[in-house]
Amino acid sequence: MTVDNYTQNSDPSKGYYPEPGWEWQKPEPKTYLVKHDLAQYARVWILNLVEFVHWILLVPSFILSFIIFQHTEILAARLGTDLQVYLLSIAPVIQAFSGLVAVVMHEYEGWQVVYFKNPLDTDFKIEDFNNEWLREVAYKMLFFLQIVGLIAFSLGVFGLSKFFVSFAMISLVIGFIGPQDPKATFYFNEQPVFPIAISLVAVFVVNAIVNFVAYFHLFGPALEAANLPIILAGLAPLLFMLGGVVEGVLAESTFNQWIHFGAVIFLNLGLLAQIYFFGLLW
């Protein structure tokens, strides 16, 4: 049996980043960006800013979780059980950790959004393009964990009735074991975007709708009591959706890092909106 061996001049641990690899050091703009006059959007300080707003998402997520935990008695009286409060408290944390899947992908790509090329059927160099297969795997895990977070929030609001528990279990099973093909990929700006299995998208959409209703069920009375428009209850999920669309469709078809930055700002605003609306409950 023979195995491939590294030569004395090779380094199996060598990374894509400049040496010595401080976090603020970023790779040079990928060849595709240079050839298409997009390298100006991939300057080191811009990429560091994009990375920062991704990591900062963890802060409001944990703050929201702690605020919910702090008011367990009030929420338990409103919702019915401590378990529902627990599910509400872990929902933002689950969704925050789902975002870490994207962070891993971005770290691998040097925080650059570039033309995606599949290494499975093309000549691929990380210095030139982004990895399409990595994107597909990351999207699968991202959307599945997002579904888990949506389910936790919805169960926290509506309770653990047989119907909702059954709905949650079916969603998790289909979302996890569903086929990876066919995908819901479509073209925008002449670029393929949204490489996610149709089965996973279907489960996500259904749970997002249920989650949207849950926001109105939870926050509607509090908004009315505060003389605020009830329609504001849908602000947070709409901001989350907007952030996802801007990043997954616009940023990944224009390869403009500023659009990528703006997408994550919407996600942060969604979390801040959640924190504000939860404050109306006590």
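The values are calculated or read from the model by the stated rules, or taken from the named source; none is laboratory data. Just so you know, these numbers come straight off a predicted model, no measurement behind them. As a convention, Cβ positions derive from the backbone with ideal geometry for all residues, glycine included, and neighbour counts pool all protein chains shown.
What the table shows:
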read-out	value
Search result, residues across the range 73-103 that are loosely packed, with under 15 Cβ neighbours inside 10 Å and either hydroxyl-bearing (S, T, Y) or closer than 18 Å to V50 by Cβ (or both)	T81
First in the range 267-280 and over 23 Å from E51 (Cβ atoms), second anywhere and of a type in the set (S, T, Y) and in a helix (DSSP H, G or I), Cβ under 6 Å, 6 or more apart	none
Single residue of the range 260-282 satisfying the filter (in contact with an Asp or Glu (Cβ under 8 Å, 6 or more places away or on another chain) and hydrophobic (A, V, I, L, M, F, W, C)) that is farthest from I68 (Cα to Cα)	A263
Residue satisfying condition, being of a type outside the set (S, T, N, Q), more than 30 Å from S161 (Cα to Cα) and within 21 Å of the chain's Cα centre (by Cα), within set L47, L64, L33	L47
Selected residue (only one of F116, F143 is under 18 Å from the mean Cα position of the chain (by Cα) and closer than 20 Å to A263 by Cβ)	F143
In the range 117-131, the residues that are more than 17 Å from E107 (Cβ to Cβ) and of a type outside the set (K, R)	N118, P119, L120, D121, T122, D123, F124, D128
Residue pairs meeting the criteria (Cβ under 7 Å; at least 6 apart or on separate chains; first on the phi > 0 side of the Ramachandran plot, in the range 167-193; second surrounded by 11 or more Cβ atoms within 10 Å (Cβ to Cβ))	N189/S253; N189/T254
Enumerated helices (runs of 4 or more DSSP H) restricted to the range 189-279, each holding at least 1 residues that are polar (S, T, N, Q) and surrounded by 20 or more Cβ atoms within 10 Å (Cβ to Cβ)	198-225, 257-279
Selection from the range 151-186 of residues that are surrounded by fewer than 11 Cβ atoms within 10 Å (Cβ to Cβ) and β-branched (V, I, T)	I177
Residue in the range 272-280 that is among the hydroxyl-bearing types (S, T, Y) and touching a strand residue (DSSP E or B) at 6+ places or on another chain (Cβ under 6 Å) present	no
Subset of the range 16-27 (residues that are without any contact (Cβ under 8 Å) to a residue 24 or more places away in the chain and surrounded by 12 or more Cβ atoms within 10 Å (Cβ to Cβ))	P18, Q25
In the range 118-150, the residues that are at pLDDT below 90, of a type outside the set (S, T, N, Q) and crowded, with 19+ Cβ neighbours inside 10 Å	F129
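To keep it simple, each residue is scored yes or no on (1) among the acidic types (D, E); (2) under 30 Å from A39 (Cβ atoms); (3) not in a helix (DSSP H, G or I).
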residue	(1), (2), (3)
D121	yes, yes, yes
K125	no, yes, yes
E136	yes, yes, no
Q146	no, no, no
G149	no, no, no
M169	no, no, no
I174	no, no, no
